[in-house]
Amino acid sequence: MEVSQFLIATGICFLTVQFIMLLWTRRKLPPGPVPFPLFGSLWRIGWKIHQDTFMKLTDTYGNVFTFWIGHTPVIVLTGFRAVKNGIMDNSEATCGRPILPFSKILGSGKGVMFSNGKTWKQQRNFGSLTLQKLGQMKKGLEEHIQEEASHLAKAFAQSKGQPLDPSLLIMHSATQMIHIVVFGEPVLGVDDVFQKLVEHINDISKCRGTFGEMIYNMFPSLVEYFPGPHRKAVSSFEFMISYIKKKMGNSKNSQASHEPQSYVDFYLAHMDDEIKDLTSTFHEDNLVQVIVDLFLAGTGTIAVTLSWALFLMGVHPNIQEKVQKEIESALDPHKTICYEDRKKLPYSYAVIHETQRLSSIAFSNHFRLCNIDLNILDFYIPKGSLVIPDLCSVLLDPKQWEMPRQFNPNHFLDQDGKFVSREDYCTFGAGSRECLGKTLAQMELFIFFTNLMKTFTFQHPEGLKELNMEQIIGAGMQFYPLKICAVPR
């Protein structure tokens, strides 16, 4: 009995000391929810993470506040002014990426997404230039997208107007596009291994930005032995690595026989050029990780965004009709839709942007690391601080958008109906860490969406109760099992 009492007393003393230390450290940081030992500020947000999780705290703590994940303080930037000041105006100062426990599962400091310093700069610059080269080739990426858009429409047509889950078909097409970028060729026919790749990428996407990821980052040594998203992420990551290495082996064998046709070809050639540079970051481990990054960043986002676009067309048939009439009146029905046609289809282009804004799938799952002492909106942020730029709060900022919670394509149109680019549209991130494949993703979304609108009218299944779009969109990266009917026109 005395031993148990001693252990309880010791535990209480330990937690009390920890609490006092947290309060002492908290004094020098922006205000925020009171942190408690072990769990930090998690008591303030509950067990589910939504679009407006951090936005709800701004009324109490302002647009720059400190949120504790366990015993680690994180500076949260909410609203356009704070995010702009933090990661746009001070882009280089906040371009660092902390390597958190969950990030180590998916990156370990290699590639682009989870790297820093020389590795990040070299891999990102090479990636940007290579994607440009692939886009300018005789059969560029746009032509591949057009072909895949045709395959996607045929896949939808097989449903014959019956309810289907569009995210699965779109995910397949988006993964196919990254496969073409990386390896220079599509996967032909029914391929069970490729389908498993799609499923594993989907599984990892579902883990990102979840409460489970946050708990793993807090207690990795403990949580590692329990079931959770980390287990599935590890298994899926290992499958992706195995798949990529096997495909790379095929590329190596054929590399010498042709000019570079893919990301892998260009990378291997660059490795040969830098073979004498012992400090070069161009090696196979980084190549494999870059490919993983491209698959993870360039598939789930396309599938989620385009799925929401189709659901929203079912919710707003008047907007869908306007899109279809614009396509019919502005384009030659016998010609293939190209990315340049976006200039002829300002309303359709605005619908895509508004879908991205409202669905806000770029949730705050990528932390930044402050490289220097910094002031953001008059708050002192010390060097080494973790920073979360809450991009959802920018896309839903009531000070920036006329109708922030409603689907309104006019947010991206001027009085004459012309498309307007906006600085506060940051669905691909912002600053130095803006999405590497932004242009590719924009091309895919536009060509896929307009082809589907040209071919089908989207309706919700009969008998379906009224959709709670706020709840659906709040799911972020998670695919809801909602179905839509693609009725041939």
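The values are calculated or read from the model by the stated rules, or taken from the named source; none is laboratory data. Note that this is a predicted model, so its numbers are computed, not measured. Cβ: placed from backbone, ideal geometry, glycine included. Neighbour counts: every protein chain shown. Surface accessibility is based on the protein's heavy atoms, side chains included, excluding ligands, DNA and RNA. Shrake-Rupley method; radii C 1.70, N 1.55, O 1.52, S 1.80 Å.
For the reader, a short list of remarks on this structure follows.
- Test: residue in the range 75-86 that is within 10 Å of ASP390 (Cβ to Cβ), open to solvent by less than 30 Å² (accessible area, probe 1.4 Å), in contact with a Cys (Cβ under 6 Å, 6 or more places away or on another chain) and in a loop (DSSP other than H, G, I, E, B): no
- Lone qualifier among ALA174, ALA155, ALA149 - being among the hydrophobic types (A, V, I, L, M, F, W, C), part of a helix (DSSP H, G or I) and farther than 18 Å from GLN442 by Cβ: ALA155
- Every listed requirement among (1) farther than 18 Å from HIS366 by Cα; (2) open to solvent by less than 50 Å² (accessible area, probe 1.4 Å) is met by GLY107 save one, (1).
- Test result for THR281, touching a residue at least 12 places away in the same chain (Cβ under 8 Å), part of a loop (DSSP other than H, G, I, E, B) and buried (at least 18 other Cβ atoms within 10 Å of the Cβ): yes
- Any chance SER115 is out of contact with any strand residue (DSSP E or B) (no Cβ under 7 Å at 6 or more places or on another chain) and in a loop (DSSP other than H, G, I, E, B): yes
- A single entry from PHE239, PHE156 fulfils the requirement of being of a type in the set (Phe, Trp, Tyr) and farther than 30 Å from HIS334 by Cα: PHE239.
- Filtered residues of the range 324-370 (kept if in a loop (DSSP other than H, G, I, E, B) and polar (S, T, N, Q)): THR336, SER360, SER364, ASN365
- MET271 being open to solvent by less than 60 Å² (accessible area, probe 1.4 Å), out of contact with any Gly (no Cβ under 7 Å at 6 or more places or on another chain), under 30 Å from PHE458 (Cα atoms) and of a type in the set (A, V, I, L, M, F, W, C): no
So that you can scan it fast, the table gives a plain yes or no per residue for (1) modelled with pLDDT under 90; (2) in contact with a strand residue (DSSP E or B) (Cβ under 6 Å, 6 or more places away or on another chain); (3) surrounded by 19 or more Cβ atoms within 10 Å (Cβ to Cβ); (4) within 28 Å of PHE114 (Cβ to Cβ):
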position	(1), (2), (3), (4)
LEU369	no, yes, no, yes
LEU374	no, yes, yes, yes
ILE381	no, yes, yes, yes
SER385	no, yes, yes, yes
ILE388	no, yes, yes, yes
LEU395	no, no, yes, yes
GLU402	no, no, no, no
ARG405	yes, no, no, no
HIS411	no, no, yes, no
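So that you can scan it fast, the table gives a plain yes or no per residue for (1) at pLDDT 75 or above; (2) in a loop (DSSP other than H, G, I, E, B); (3) open to solvent by 70 Å² or more (accessible area, probe 1.4 Å):
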| position | (1), (2), (3) |
| --- | --- |
| ARG231 | yes, no, yes |
| PHE237 | yes, no, no |
| LYS247 | yes, no, no |
| SER251 | no, no, no |
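- Residue check, THR72 closer than 13 Å to ILE388 by Cβ and crowded, with 22+ Cβ neighbours inside 10 Å: no
- Filtering the range 377-407 to residues that are assigned to a loop (DSSP other than H, G, I, E, B), in contact with a Pro (Cβ under 8 Å, 6 or more places away or on another chain) and closer than 19 Å to ALA93 by Cβ leaves only SER385.
- Long-range neighbours under 8 Å by Cβ, at least six apart or interchain, first residue more than 14 Å from PHE311 (Cβ to Cβ) within the range 166-182, second among the hydroxyl-bearing types (Ser, Thr, Tyr) and surrounded by fewer than 23 Cβ atoms within 10 Å (Cβ to Cβ): ILE180/SER262; VAL181/SER262; VAL182/SER262
- Within the range 53-64, being surrounded by 18 or more Cβ atoms within 10 Å (Cβ to Cβ) and either part of a loop (DSSP other than H, G, I, E, B) or not polar (S, T, N, Q) (or both) holds for THR53, PHE54, MET55, LEU57, TYR61, ASN63, VAL64.
- Where MET21 falls short, out of the listed (1) free of Cβ contacts under 8 Å to residues at least 12 places away in the same chain; (2) part of a loop (DSSP other than H, G, I, E, B); (3) of a type outside the set (S, T, N, Q): (2)
- Which numbered condition PHE67 misses (of (1) touching a residue at least 40 places away in the same chain (Cβ under 8 Å); (2) out of contact with any Gly (no Cβ under 7 Å at 6 or more places or on another chain); (3) outside any helix (DSSP H, G or I)): (2)
- For the range 208-215, the criterion of being over 30 Å from SER262 (Cα atoms) and open to solvent by 40 Å² or more (accessible area, probe 1.4 Å) is met by no residue.
- In the range 26-42, the condition of being part of a loop (DSSP other than H, G, I, E, B) and of a type in the set (S, T, N, Q) is met by at least one residue.
- The selection criterion, being surrounded by fewer than 18 Cβ atoms within 10 Å (Cβ to Cβ) and in a helix (DSSP H, G or I), holds for GLU321.
- Only a single item in (1) under 22 Å from the mean Cα position of the chain (by Cα); (2) over 20 Å from THR53 (Cβ atoms); (3) of a type outside the set (Asp, Glu); (4) part of a loop (DSSP other than H, G, I, E, B) is not met by GLY429, and it is number (2).
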